[in-house]
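The values are calculated or read from the model by the stated rules, or taken from the named source; none is laboratory data. Because the structure is predicted, anything quoted here is derived from the model rather than measured. Because the Cβ atoms are built from the backbone with ideal geometry, glycine has one as well, and the counts that use them run over all protein chains shown.
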Amino acid sequence: MKVLVPTDGSEHSMKAVQQALELAEKQGAQVTLMSVAYYVADYLEEMPPNIREKLEDEAKGALKKGKALFEAKNLPVETVLVSGLVPANLILQKAQEGKFDRIVIGSTGQNALDKIVMGSTATKVVAHAPCEVTVVR
């Protein structure tokens, strides 16, 4: 079973990483952790200096945090860093292209709006995923 886990390092996304870790331990799932740096290269000239590096560092930090859980148990895990403005679209694209069997996603992320309503990213992924989706609270 191939499992895709979008993570931003938030509490709920780390719970999703933990659930994927259990799938890897118990069912031998092949897990890919994915993080999105929220920007589009075309607009970088209009952004403050070093913003690209800051956003990429945040996404890399989320991947590192998740990967450490797998390494502690000597389990393999793939990590993927992508950039773009709509994380849900990037997650859906990766799930389809990678022929994943399941997406495990946190119900809310770090975004303030996502904390008010069920994460807009999770909602869109559930509605349009090409595979099974598990939403973790």
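Observations
- Inside segment 7-56, residues that are at pLDDT below 95, out of contact with any helix residue (DSSP H, G or I) (no Cβ under 9 Å at 6 or more places or on another chain) and not in a loop (DSSP other than H, G, I, E, B) make up a count of 9.
- Any helices (runs of 4 or more DSSP H) falling wholly within segment 64-128 and containing at least 3 residues that are crowded, with 16+ Cβ neighbours inside 10 Å and either over 12 Å from the mean Cα position of the chain (by Cα) or at pLDDT 90 or above (or both): 87-97, 120-128
- In segment 1-23, residue farthest from LYS73 (Cα to Cα) [restricted to those that are surrounded by fewer than 24 Cβ atoms within 10 Å (Cβ to Cβ) and of a type in the set (S, T, N, Q)]: SER10
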